[in-house]
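Data first, discussion second: the structure below is written as structure tokens.
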Amino acid sequence: MKLTLTKALPPDLSKVIVLDTDITFATDIAELWGIFRKFTDKQVIGLVENQSDWYLGNLWKNHKPWPALGRGFNTGVILLYLERLRRIGWEQMWRLTAERELMSMLSTSLADQDIFNAFIKQNPVLVHQLPCFWNVQLSDHTRSEQCYTEVSDLKVIHWNSPKKLRVKNKHVEFFRNLYLTFLEYDGNLLRRELFGCPSQANPESVQLQAALEELDEDDQCYDFRRERLTVHRVHLYFLQYEYTPTEDDTDITLVAQLSMDRLQMLEAICKHWEGPISLALYMSDAEAQQFLRYAQASEVLKNRKNVGYHIVYKEGQFYPVNLVRNVALKNANTPYVFLTDVDFLPMYGLYDYLRYG
């Protein structure tokens, strides 16, 4: 996908920052954007040098990596000058590079990163090397500790090891805590306009403010009416979900809603109901991460892929039971639903009984 962004993105977009999903920012991304101003007239790609010996080919016997300039470059953080890339015919250039190398290499080992490096090997003048702290790589065989003296110097942490949070590094506890802090950050705060950052009000904000001004604060039901205007954040399919519709159109989904204090019911429900399930969970950001760890540690839950978990993030002082239930109902993918309270445990075989009984 990274290789095709000159075509995939709008033609009037001149520059873009491309990031892997397994990175944690420890600074303002605007600093990274500012590096575009340091590009020479010919440079079109900004990358950090690879911090392992992978492209040197000495990690094990008969290791034959793709060609690269020196240690090569890691593509977890990329600055792409799209306007210039289009001008030099990037689409054709990387394709020709890939086709030529694949005649001898047969396949890539590191996906598009190999193609980027082979291209840069042939066109070194086109790359702008970013300081290493913009992509501190925690991969296996990493040399990233040579990149910095203090962890406070780091800008971007890249969890590019298969071990992820279990990677070995003398500062891994600091990195892990930073990562978890972001995960459990109250996402509702990011919806507020920041002080000192003037911006044009969007129509939705204007409409919300107008609706709020119409409310009477002396009304005994003010809090309820105010809550009705709240727009909750919703994360559909929080975990992997797989469902194949049946051919006879008789399938039925168990639908329920719950909060953190009913989490212990999930395993029992999944054991009693073999069919698809749609669950809406009313949780804070921190609770959602606790649920994620719980689900990943549960042998029952992690083996069930036909359960759709939908997070409705907490906001306000009331439990929006109808909203949460409707999220679960709306995302049931079968002709029929079995709407139940999460405290009720269906009898064994009820799924088949309702379908065929």
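The values are calculated or read from the model by the stated rules, or taken from the named source; none is laboratory data. Note that the structure is a prediction, hence the values are computed from the model and not measured. Don't worry about glycine lacking a Cβ; one is built from the backbone with ideal geometry, like all the others, and counts go over all protein chains shown.
For Asn202, the stated conditions hold: it is at pLDDT below 70, surrounded by 10 or more Cβ atoms within 10 Å (Cβ to Cβ), over 24 Å from the mean Cα position of the chain (by Cα) and not β-branched (Val, Ile, Thr). Summed over region 266-285, the residues that are surrounded by 15 or more Cβ atoms within 10 Å (Cβ to Cβ) and part of a helix (DSSP H, G or I) give a count of 6. When region 251-265 is limited to residues that are of a type in the set (D, E, K, R) and closer than 17 Å to Ile311 by Cβ, the one that is surrounded by the fewest Cβ atoms within 10 Å (Cβ to Cβ) turns out to be Asp261. Being among the hydrophobic types (A, V, I, L, M, F, W, C) and touching a residue at least 40 places away in the same chain (Cβ under 8 Å) holds for only one residue in Leu279, Leu229, and it is Leu279.
Just name the residue that is nearest to the chain's Cα centre (by Cα) out of those in region 221-235 that are surrounded by 12 or more Cβ atoms within 10 Å (Cβ to Cβ) and assigned to a loop (DSSP other than H, G, I, E, B). Out of the qualifying residues, it is Arg233.
Yes/no matrix, rows are residues, columns are (1) farther than 13 Å from Val156 by Cα; (2) of a type in the set (A, V, I, L, M); (3) assigned to a strand (DSSP E or B); (4) assigned by TED's automatic domain parsing to the domain that holds Lys121:
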| residue | (1), (2), (3), (4) |
| --- | --- |
| Leu13 | yes, yes, no, yes |
| Glu31 | no, no, no, yes |
| Ile35 | yes, yes, no, yes |
| Ser52 | yes, no, no, yes |
| His63 | yes, no, no, yes |
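Scanning region 320-339 for residues that are among the polar types (S, T, N, Q) and buried (at least 16 other Cβ atoms within 10 Å of the Cβ) yields Asn331, Thr334.
If you go through region 320-339 one residue at a time, do you hit one that is in contact with a Ser or Thr (Cβ under 9 Å, 6 or more places away or on another chain) and free of Cβ contacts under 8 Å to residues at least 12 places away in the same chain? Within region 320-339 (the criterion being in contact with a Ser or Thr (Cβ under 9 Å, 6 or more places away or on another chain) and free of Cβ contacts under 8 Å to residues at least 12 places away in the same chain), the answer is yes, since at least one residue qualifies. For Ile17, the criteria (1) part of a loop (DSSP other than H, G, I, E, B); (2) in contact with a helix residue (DSSP H, G or I) (Cβ under 8 Å, 6 or more places away or on another chain); (3) in contact (Cβ under 8 Å) with a residue 60 or more places away in the chain; (4) not acidic (Asp, Glu) hold in every case but one, which is (1). For region 306-332, a tally of residues being in a loop (DSSP other than H, G, I, E, B), modelled with pLDDT of 95 or more and of a type in the set (Gly, Ala, Ser) returns 1.
Of all residues in region 101-143, those being surrounded by 20 or more Cβ atoms within 10 Å (Cβ to Cβ), among the small types (Gly, Ala, Ser) and over 14 Å from Gly72 (Cα atoms) number 1. Would you mind stating whether Leu110 is under 27 Å from the mean Cα position of the chain (by Cα), without any contact (Cβ under 8 Å) to a residue 60 or more places away in the chain and in a loop (DSSP other than H, G, I, E, B)? Considered against the rule, which asks whether it is under 27 Å from the mean Cα position of the chain (by Cα), without any contact (Cβ under 8 Å) to a residue 60 or more places away in the chain and in a loop (DSSP other than H, G, I, E, B), Leu110 comes out as yes.
I'd like to know if region 37-57 contains one or more residues that are surrounded by 20 or more Cβ atoms within 10 Å (Cβ to Cβ) and out of contact with any strand residue (DSSP E or B) (no Cβ under 9 Å at 6 or more places or on another chain). Yes: region 37-57 contains one or more residues that are surrounded by 20 or more Cβ atoms within 10 Å (Cβ to Cβ) and out of contact with any strand residue (DSSP E or B) (no Cβ under 9 Å at 6 or more places or on another chain). One residue stands out among those in region 116-160 that are of a type in the set (Ser, Thr, Tyr) and farther than 16 Å from Leu178 by Cβ: the one that is modelled with the lowest pLDDT, which is Thr149. Filtering Leu239, Leu254, Leu258, Leu263 for residues that are assigned to a strand (DSSP E or B), touching a residue at least 24 places away in the same chain (Cβ under 8 Å) and under 25 Å from the mean Cα position of the chain (by Cα) leaves a single hit, Leu258. Looking across region 295-319, the residues that are more than 23 Å from Asn333 (Cα to Cα) and crowded, with 16+ Cβ neighbours inside 10 Å come down to Lys314, Glu315. All conditions in (1) aliphatic (A, V, I, L, M); (2) touching a Leu at 6+ places or on another chain (Cβ under 8 Å); (3) buried (at least 18 other Cβ atoms within 10 Å of the Cβ) hold for Leu85, with the sole exception of (2).
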